[in-house]
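Trainee: Pasting a structure here, questions to come.
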Amino acid sequence: MPYIVHENMKMGSDGESDQASGTSSDEVQSPTGVCLRNRGNRRISAEDLNKRLSLPADIRIPDGYLEKLQLTSPSFDQPLSRRSRRASLSEIGFGKLETYIKLDKLGEGTYATVFKGRSKLTDNLVALKEIRLEHEEGAPCTAIREVSLLKDLKHANIVTLHDIIHTDKSLTLVFEYLDKDLKQYMDDCGNILSMQNVKIFLFQILRGLSYCHRRKVLHRDLKPQNLLINERGELKLADFGLARAKSVPTKTYSNEVVTLWYRPPDVLLGSSEYSTQIDMWGVGCIFYEMAAGRPLFPGSTVEDELHLIFRLLGTPSENSWPGISSMEEFKSYKFPKYKTQPLINHAPRYVGLQAWVLDLLEWLHHIKRDISLIIKCLSAVFRPTRVGH
């Protein structure tokens, strides 16, 4: 029964990882027995190099590199410029396609193909997201957005970006490898997850999302396929191609975001002004899907999706949603006046469970709720330690 790693990883109480990677700048452990001196009689070890370049602890330093560094580095204690750091990383093997071995093809989309691979630097498995570049258009904006956000997001519940490789024909993003996504996990379980595992996964989703929101980043595409799980049961947010950095609580964005089943009603009705509620609605839908074993609102079209939402939660009125009657999209659909239905009637599997399960689901679908308060409530109800099968 694999353990979820919380306290034994180097992380803060909110899950912020202090573990170094190819793109972080935190303290690392290092190999022993390798040390040299530079011109000022300063001993240079592999640990010194790891710290200076923010390398993973298990990195394999190329033969002769430390000797070369000993001769060419005038002072190892002086600040390292960005240009010098890039040059050093390149010499070690970062930013080069030949550093990674392609194994199996994992999936393919409009712009990118994802491969399972192996790093020659660490011998660890990695995920290689190969984005095809069109000379006339350059890199897709989703790829640029994903790189710019992920290089600054370091958290135990967010997938780690290890390396970036740019060639004339492609942009390859090298991620940590995780065994499956939440959709595959649920399929493998026959869509019947224990409530203990539901709670553990929900806790991790919220903790990773809280980290993003505190840094004013909206994911905007939460769905089971974008939540990755490793063999230890650690869940990580992935695929930030639609994510946005927001500078104010509410801002105008595109309303063509979030897979239909996990899209909140205001966005379905054409609103492009939203904030963290777009992610919180998705969390509520995913929570229900894990607990009930089926999607909450599996609509086939926007209109069908709205009908499913209003049939359960009730058709909004001016009292419950000021301004709704003046929205053109809402008026055009001519919705019946549905009454709110108890969630317990929609999910028989909830019978006999603690009241907090239903309360939390309704809370998650209330767009004004604070994610930090939800995490505190979850922490008070249970302390997630492991995932069972």
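Taken together, the values in this text are just the output of simple stated rules run on the coordinates, not laboratory data. From a predicted model like this one, the values you see are computed outputs, not experimental measurements. Because the Cβ atoms are built from the backbone with ideal geometry, glycine has one as well, and the counts that use them run over all protein chains shown.
Trainee: Would you mind calculating the gained length between D104 and K51 on full extension (0.36 nm times residue separation, minus the Cα-Cα distance), in nm to one decimal?
Mentor: Taking D104 through K51 to full extension adds about 15.8 nm, to one decimal.
Trainee: Something else about it: Could you tally the net charge around L306, taking each other residue with its Cβ under 12 Å from the Cβ of L306, Lys/Arg +1 and Asp/Glu -1?
Mentor: Summing Lys/Arg as +1 and Asp/Glu as -1 gives -2.
Trainee: Sticking with this structure for a sec: Set the bar at 24 Å for Cα to Cα. Now go through K223/K334; K105/K154; K96/K129; K180/K223; K151/K236; K183/K331 and name every pair that lies beyond it.
Mentor: Correct reply: K223/K334; K105/K154; K183/K331.
Trainee: Once you have the Kirkwood Rh of segment 290-329 from its Cα pairs, apply Stokes-Einstein at 4 °C and 1.567 mPa s and quote D in µm²/s.
Mentor: Roughly 111 µm²/s, to the nearest whole number.
Trainee: List the relative contact order of segment 89-224 as a percent without decimals, with contacts defined as Cα pairs under 8 Å and 6+ residues apart.
Mentor: Averaging sequence separation for qualifying contacts and normalising by length gives 18 percent for segment 89-224.
Trainee: Return K337, K96, K129 ranked ascending by Cβ neighbour count within 10 Å, so the fewest neighbours appear first.
Mentor: Ranking K337, K96, K129 by Cβ neighbours within 10 Å, fewest first, gives K337, K96, K129.
Trainee: Could you pull out every residue, at least 5 positions away or on a different chain, whose amide H is within less than 5 Å of the one on D163? Hs are placed 1.01 Å off N in the peptide plane, and Pro or chain starts have none.
Mentor: Excluding prolines and chain starts, which carry no amide H, the hits are V174.
Trainee: Name the residues whose placed amide hydrogens come within less than 5 Å of the amide hydrogen of V126, ignoring near sequence neighbours (fewer than 5 apart) on the same chain.
Mentor: Here the answer is G117, R118, S119, since their amide H atoms fall under 5 Å of that of V126.
Trainee: While we're looking at this one, here's another question. What are the extents of the Cα atoms of segment 97-176 along their three principal axes, listed from largest to smallest and rounded to whole Å?
Mentor: 36, 27, 20
Trainee: If you don't mind, there's one more thing I want to ask. HN-Hα J couplings of segment 153-163 from phi, Karplus 6.51/-1.76/1.60, θ = phi - 60°, integer Hz, Gly and Pro as x?
Mentor: Ordered by residue, 3J(HN,Hα) equals 9, 10, 7, 4, 10, 10, 4, 8, 8, 8, 7 Hz.
Trainee: Charges only on Cβ, +1 for Lys and Arg, -1 for Asp and Glu: so what's the dipole of segment 97-176 about the Cα centre, in debye to the nearest 20?
Mentor: In debye, rounded to 20, segment 97-176 gives about 260.
Trainee: Which values, in whole Å and largest first, are the semi-axes of the equivalent ellipsoid of segment 160-216 obtained as the square root of 5 times each eigenvalue of the Cα gyration tensor?
Mentor: 30, 19, 8
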